[in-house]
Structure formats: C-alpha cells, structure tokens
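I have placed the structure first, in the form of structure tokens, so that the comments after it can refer back to it.
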Amino acid sequence: MATERYNPRDAEPRWQKKWNEAKVFETDNADPREKYYVLEMFPYPSGRIHMGHVRNYAMGDVVARYKRARGYNVLHPMGWDAFGMPAENAAMERNVHPAAWTYQNIASMKSQLKAMGLSLDWSREFATCDVEYYQHQQHMFVDFLEKGLVYRKQSKVNWDPVDNTVLANEQVIDGRGWRSGALVEQRELTQWFFKITDFSQDLLDALDGLDQWPEKVRLMQKNWIGRSEGMTIRWEIVGETAPAGETEVTVYTTRPDTLFGASFLAISADHPLAKDAAAKNAEIDAFCEDVRRAGTSLAALETAEKRGIDTGIRVRHPLDPSWELPVYIANFVLMDYGTGAIFGCPAGDQRDLDFARKYGLPVIPVVMPRDGDVATFAVGDTAYDGDGVMINSRFLDGKSTDEAFNIVADRLSSASLGNAPQGERKVNFRLRDWGISRQRYWGCPIPVIHCQDCGVVPVPKKDLPVKLPEDVTFDQPGNPLDRHPTWRHVACPHCGKDARRETDTMDTFVDSSWYFTRFTAPWESKPTDFAAANRWLPVDQYIGGIEHAILHLLYSRFFTRAMRETGHVDVKEPFKGLFTQGMVVHETYSRGSGMSREWVAPADIKIEELDGKRRAFLLSNNEEIAIGSIEKMSKSKKNVVDPDDIIASYGADTARFFVLSDSPPERDVIWSEAGVEGAHRFTQRLWRLISEAAEALSDVTATPAKDGDALAISQLAHKTLKAVQNDYDKLWFNKAVARIYELVNAIAGPLTTVAAGKADAAYRAAVRDAAEILVQLVAPMTPHLAEECWSVLGQDTLLSQTAWPKYDDALVVENDVVLPVQINGKKRAELTISRDADQTTVSDAALALEDVKRVLNGQVPKKIIVVPQRIVNIVV
RNA sequence: GCGGGCGUGGCGAAACUGGUAGACGCAAGAGACUUAAAAUCUCUCGGCCUUUGGCUGUGCGGGUUCGAUCCCCGCCGCCCGCACCA
C-alpha cells in the first residue's frame, strides 16, 4: 500500500520531462481537428515572474488542458514582450547592454514558467526584440505606408529637457519627468502616426459583435472612441476685424439647436487665428503661452478656472448677419478635438456659463425643460444641458431640441457662405491617431530614410531588416541611435546621395499588436502564413489584466484590420473571447509611521493569534509589526510572495490550485499562507485517498453503479463531472474547486472502505469510476498530481493525452426530487416525490405531511403553488 | 462632473439570475488517535429566544409578488474607468 506523502519536488519535474519527451503540447498546424487558440497576455521580461503571472497562466493552462482533453487541436504559445524602457534604464544604471539584460531575464523567467508545468508549445516561442520578429514588423510598416495607413505630422509631445527624450503622458507626473524631475516642455516634433481613426466607426460598430468580451471593456472602448453626432458651422468674420487673409472661423457643435443662445466664439490657444493674434499682440501672446504651460501641468482640471482673452475679432451669426459676436481665446478649448473652435452657449453648457459670467457676456436661455414655465424659467449658476422645448429662438420656438437640431442642420446645409455650404452634418470621434515614434534605442527601428532631395523614402524591402546596432553607449541622456557614429548615415535608396536614417523606434505597443498572429506560424519567412493565420485566428480565449482594456486591445484590433488591408490576414477581430482576471493581493506589514514607515516582507514575519486577534511578529527578534491593509503585491510595499519560494516548498500544483480557488477569477484573490496550506492539504489528501485505495482498485474496470450501495457515489461523480465541465467552459474555476472538494468529501469514505478490503467487485468498480473521474477533473488545475494518481491507478497512458470522460445521463437525472414545502412563503417541510409527479399528486402529498398539518392546524389553504421540481407554496 | 460595477457569517465566497440563503474553503472551538507534537479523523460554527421548536437575517427605507440576495423606486458606503471632447 502506497502511503508516502506526495512529493511535488520529485513528481513535478518527472512529469514535465515526460510531457516534454512525448511533445504533448506541440501543436501541428496540419492537425485536422477543430482548432482552439488559448492565449495569455505575454509577459514583459522583467527578470522574475510574480503571482499575477501565476494566476494568469494557471487560468490559461486550465482552459488549454481542458480543451485539449475535449478533443480540440489546441494552440497555447508563449513569448516575450521584450522591447521597452526598463532595459535601457538597466543599461544606464548598471552598464549592461539592453539585449544582454533582456535575454538573461528571459532565460530565468522561462525556467520559472517551466517549473509551473504549463502546457505550452515552447517550439513557437519568440521575443519581440528578436530580429526574426521585428523585421516582419518593418515589412508591415512599409506596407502600411504604401496603403496610407502611416503618415508623419507635427505633433505636440512631452519633452524632458534633461533626459532629452519624449515622455508618454503616463510618465509625466505633476508636470515633471518621472526620472529626471525636470519640468516637462511641450515641443512640436514631427512624429509617425498610424491612422487608427480610419477605422473609428468600424472599431466602434464591431464592439457589438464581441459578445464574449466583458461588457465593461466594451464600454470603456466605446467611450474611448467617443463618437458624437453634430455639425460644423462656418462663421463669417466681420471684415474690418479680420486678420489678413482670414474670412471665416469653423466651429464644431453637437447642439446646433442652441444656436440662438450663442454669445461668443472661443478658440484654442493653438488655433491659427490665435497664433496670428498672438504675433501682433504681446498680451495675447503671453496669455497663449500661459495656457500652453498650464495644459501640461496636469493640475486638477476640475478646478481649473475658465479664462480667456478677447482677440478683437468679430463674427456674424449664421442665422442673422446683423448679429455680431466676439471671438475669445479660451483655455478650455482643445485644438485636437473638433475644429479647435466652439460657439459658446452659456445657458446650455456649464463651462460656457462660467466663462460668460466671468467676462460679462449675455446668457440667453434657449432650451427649457418640458415641464418648465416660459415666464419664470431662468438660468442661474447652473446651465441646463438637457432636452426640452426651444424658447427665445425665433422660428424654433416651441419645437423640441431634436426637431430644432434638424431644422438648423438642414437650413445651414443649404445656405452658403462663399462657395460652400455654411454648415455640414458631421460625426466626430474622440479617438486620435496613434503616435508611434519614440526617441529610444531599445525598440523596433522605423524603416525609413530621410533624403534632402527625395524626402521620406521607405527602406526597400530587399534592404530589410534595419537591425539595431549593437555598439551603442548609454553614458549620456538621449537616443543612442542619434549619436552612433555611422548607423544613421546611409545612401538614399532613390538617388544614392548621402541621406539620414530615421532614428526613432516604434512604440512597444506595436510589438504586442500582432504577436498573437505571429504565433500561428513563427517560422514563416513572411510576416504571416496567410492560411495558418486565418485558420487559427481569432484567438478563442484571451486572458489578461484589465489594465489593457483600452490601449493594447484597441491597438491590436486596429492592427489586425490594417494587416487585413495589406493582405497579411483575412480576419478583422483578433480576440473572440476575452477574460480579464483580478489581481493577487496581500496584506501589508510595516513598522514606524509617516516618513519613517518601513515595510516588512511577509517572509520575514510570523502570524500568531492571541485572544482571537491576529498579530504579526518579526522572525528575527520577535518585534511586533503592524498588520496593514490588503493591497496589490508590489515591491515598494514589500507585500510580495515569490512564486519560486512557493513552488519550492509546496509545489506548482498547490500554487496553481490556490490561485484558482476561493475568489471568482475576475475578482482579486487574497494570497494568504493559511490559504496556501489549505490548498496543499487538499493535494496531499487526494493523493493519500487514491494511492491507498489503488491496489484494491487494480483488479476492476471502472464501471458506474446502476443500483445498490454505490449508486449514490456514481450519481455524485457523474453529476460533478457535468457541473465542472460547465464551470470550465465558463471559466468559473472557484466553483469547479468547490464541487471537486464536495466530491472528494463524499468518496473519501468509500475509498477508505475499498482500501481496507471491505468492498465487493461491483462497489470497487463504481469507486474506481468515481476516482478516475475525480482525477480527470482536477487534472487541468493540478496536472502533475493528477498524472501521479493516474499512474498509481495502473494507467500506462499520459493523462495529458487522455480524452475527457463522458457523464452518464441516467446517473445525472434524479428520479426523486426533494421539494421544499413553504406555508405563506416560509419553509416548513420537505417532500420527497417522483420527479414527474403531477401537480395534484404533489399538492396532495404536501398537505399530507405531518409538519404541514401541524402548522396549518386545520386552516384551509387558499391557494397551492406548485413549481415543478422546485418548490411547493401553500397560501392560507 | 459623466459612465460602470459592487455591498451576503469572523474572512474568501455559493445560491442553477424570482423558488430551501450561507454549498465549498479559511479561521476558530470541542473531541478521538498519540508518551507528546505534527498529520489525520469526528462534531459545532449568522444573530436572538422559552432550543425535538420558534423568531429574525443578504448595506438602509419603501414597492411589486404566493414567494425577492436576484426585479422596480429612493437613500448610504466602497471600488474602477474617462475627464474642459463643445
């Protein structure tokens, strides 16, 4: 009888080796079975995996293993999102080359992932910093350029004057560079952009079809794309106030219905008319400068005061040429939305109202709520921006806001100013084109050459890849590619004259926008194997953090469309199913307070319970440590648990099982030592029960019981199988865990009975059937333990290559049901009755129950509600 | 400000989205085995009461219903996203 404890340190590497040798997880593109593509967001190679990775990959692995057992041809690859700033920071701080640092990190993280026993096809692995990968990205960039999906334009960027580099918005903290602490400047630079806005409408519309995405993510994308319906209106500038060469101002509005409530026009400080005015007037120039600076300082915009300055320009109202309005430059008007100019309707917009009150401009109420009274309706400190009835609006009076919108839109569309319509209906999007230029070394070089005569010339495809030079220095700030002695000097591919290579590299979000496509044929000499990509895509189940809800997922959706337009794939949507998992969180421990607060790692303390209160003490000297709030694991708060330590002491299966238990997968899971021990106890218990009974089960074939003592065991096993199957389909791992516990609790006794030699052959066969089902149910979560159990049961095949069991319908359906019997909605009794008993039989049987008679005490039921197979409610 | 989500035992949570509230796990308590400890096993575990029974209970207040954790209305409290988008 095998009674030794299960030893994961021995078993886990042993089974990993067997899976490896049998190439169980290598996927054949030619396999004709139905495909299933599972993918977890690939990691940045920071050096160590953390618990968040463990949870993410454990979930993906359950899906992959489950689908494989269900007979699908599963693709489950892994790679590395390997370009990016941390590698350059390491180079600056520690004088290591970014490539060396990155590949070393990949090597150590890979061995950590391997220790988790994930069913990954490592033969398809790549890193985005491999030339073999990024060269294809350069090919596609050139294709996109030809298709007009890439362009250059001047754009404002956050410029760090100390580090000499562009900063992303997230890297600007309170107006200062996150590394240098220098005041960030706004600079106009010529940058490369992807034309994501070409797809605004399609990216929005297609969200409706992504019914296997979380509603929350679809909504976030919808808001980000930000579609609004309105119109552009051209306002004629009054001749004598017009700057030279200017005759009109175009504004964008979603409320043309409120046009009679206009009292001013406001333009952005970056608007051409503003620049023009600034050139002539020092006061205006100073104001514009001020606005520009304030814009970068991320000061709470909520409280930002509305400010403006009169340009002296006057415009004519489009519906009444005799009505002249002033044009202001205002700090709340954005140049890159709409046209950079608005008309202010103070009664209908809070910002306009604040502005009008400050500068003494008229406030004319034009929309009144439906239940308002024209005689008394007035606008005080709060603008009314809702729907209603038009007032003070001449020919629009009495119309609804919708009607007024259409009347004004029609009228201005058919009126003309100069040779063009005065107004046009226009749909606007909040989404902006994607700026991909980064002044950094560790990224994919943008494959173009700048020639004085020929302009911007794409690198001819025969000259690709443009490889990053290896001999670069990081001893000074700025882009090492810019100061490399030779790399940037090339001959123009057109005219052969001396030309300059582009030294900007691509945003790393580009790398992650198509890696899932590359996995479908990573060996291909073109970016994609067209047929393979179309066959595997979309990814059936994508799993990752909610933090990528907008950027990464939206960029990938765009990139897939762009690849389709350039003939690299024939799918539009990259991810059919999306799941966003919660974080792994942990208690925090600290001593001291305020500035001298010091965080303590969980590994350095022990928890004791004194008088029912949990208290923490330092292991080294028993000093008491304060237990703080539960927070995301982070290095700064030291509340991290290293997966390596957990795998070393409990094994990978325990770690996997624990992060899948308890909390629903989309919610945060609290890591606790006690919880892990609970999970570990389960693995030991399962092993003990199975291994002790194994010998007694060796002479029977698994056969579910049809009657007798073992019937209940077979029924529960098959019901659990059906339920867990559904749980796995829906990614309800915590429910699957709970049901598996229930099954183990129920068959623990029978297994012990069998082990003691006290069961007949039929009973043993039923227990064996239940045990096999149990082992197969846990296999996706704790694959090593399951293989070990499978093997001790005398199976000589790999469980990883074994088909999912089938439940027996007859065992899943109950013949008798237990119905709760309520009297006036309160449960008073239980009734066991045949599942297909008719209503009369059920109510008669319910009324005949002793408990029911006692509570009724002679009262005559007014009504008896029988919900078949659910409940009986007697109303008196 | 706008949009979305969530409030269930000491804790993480379940409840087939209108039908037995608290499955399963953690923590705690009692007991068995043991020289002892660990491990393991058994039992108890929302609150209150007059305890073979009863009342009450899913953030708070109402409503619909034979019946509400679930649906509707109004509050309270947390969390997340976007944020001067015209």
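Read-outs throughout are calculated quantities, based only on the coordinates presented, and are distinct from any laboratory measurement. Note that the coordinates shown come from a computational prediction; the quantities given were computed from them, not determined experimentally. Quick reminder, even Gly has a Cβ in these numbers, built from the backbone with ideal geometry, and neighbours come from all protein chains shown.
Things to note:
- Per-residue Karplus couplings for region A:648-653, computed as 6.51 cos²θ - 1.76 cosθ + 1.60 with θ equal to phi - 60°, are listed in order as 5, 8, 10, x, 5, 4 Hz, Gly and Pro entered as x.
- On Cα atoms only, tilt of A:839-848 relative to the major axis of chain A in degrees: 60
- Sorted from longest to shortest, the spans of the Cα atoms of chain A along the three principal axes equal 108, 86, 64 Å.
- Region A:638-684 and region A:79-99: distance between their alpha carbon centers, rounded to Å: 31
- Cut-off under 5 Å, modelled amide H: who pairs with A:Thr250 long-range: A:Trp235
- Residues whose amide H lies under 5 Å from that of A:Val459, counting only those 5 or more places away or on a different chain, are A:Val448, A:Ile449; hydrogens are built 1.01 Å from N in the peptide plane.
- Convex hull of region A:303-411 built on C-alpha atoms - directionally averaged projected area, nm²: 8.0
- For region A:312-337 versus region A:338-397, the gap between their alpha-carbon centres in whole angstrom: 16
- Partners for A:Lys758 among lysines (Cα-Cα distance below 24 Å; same-chain residues under 8 apart left out): A:Lys706
- In terms of the mean number of neighbouring beta-carbon atoms within 10 Å, the peptides A:419-429, A:726-736 order highest first as A:726-736, A:419-429.
- Farthest toward positive dipole pole in region A:551-680 [+1 Lys/Arg, -1 Asp/Glu at C-beta], among A:Ser629, A:Ser661, A:Met563: A:Met563
- Inter-part distance where region A:722-774 and region A:820-841 are each reduced to a Cα centre, Å: 30
- Too-long pairs where the Cα-Cα distance tops 21 Å, listed order kept, from A:Lys735/A:Lys827; A:Lys275/A:Lys358; A:Lys67/A:Lys576; A:Lys114/A:Lys722; A:Lys18/A:Lys730; A:Lys462/A:Lys497: A:Lys735/A:Lys827; A:Lys275/A:Lys358; A:Lys114/A:Lys722; A:Lys18/A:Lys730
- Phi-derived couplings, Karplus 6.51 cos²θ - 1.76 cosθ + 1.60 at θ = phi - 60°, listed residue by residue for region A:784-794: 5, 4, 5, 4, 5, 5, 4, 6, 5, 6, x Hz, with x used for Gly and Pro.
- Gyration tensor (alpha-carbon) shape descriptor, region A:222-263, a/c threshold 1.5: oblate
- Distance histogram in 5 Å bins (all Cα pairs of region A:202-322, percent per bin): 2, 8, 15, 14, 14, 15, 12, 9, 6, 4, 2, 0, 0
- Packing around the peptides A:76-89, A:795-808, A:705-718, taken as the average count of other Cβ atoms within 10 Å per residue, puts them in this order, highest first: A:76-89, A:705-718, A:795-808.
- Derived scalar couplings ³J(HN,Hα) [region A:25-42; Karplus, 6.51 cos²θ - 1.76 cosθ + 1.60; whole Hz; x for Gly, Pro]: 9, 7, 9, 9, 4, 8, 4, x, 5, 4, 8, 8, 10, 10, 9, 9, 4, 6
- Segments A:656-668, A:863-875 sorted - mean Cβ within 10 Å per residue, highest first: A:656-668, A:863-875
- Placing +1 on the Cβ of every Lys and Arg and -1 on the Cβ of every Asp and Glu, with nothing else charged, gives region A:689-799 a dipole about its Cα centre of roughly 420 debye.
- Full extension of the segment from A:Cys454 to A:Ala286, taken as 0.36 nm per residue of separation minus the current Cα-Cα distance, would add 56.6 nm.
- Against the empirical curve 2.2 N^0.38 Å, the C-alpha radius of gyration of region A:763-871 lands at a ratio of 1.73.
- When chain A is described by a simple charge dipole with +1 on each Lys and Arg Cβ and -1 on each Asp and Glu Cβ, the residue from A:Thr247, A:Ile607, A:Ser513 located farthest towards its positive end is A:Ile607.
- Multiplying each eigenvalue of the alpha-carbon gyration tensor of region A:75-204 by 5 and taking the square root yields semi-axes of 31, 25, 14 Å, largest first, rounded to whole angstroms.
- For A:Ala829, distant residues with modelled amide H under 5 Å away: A:Val821
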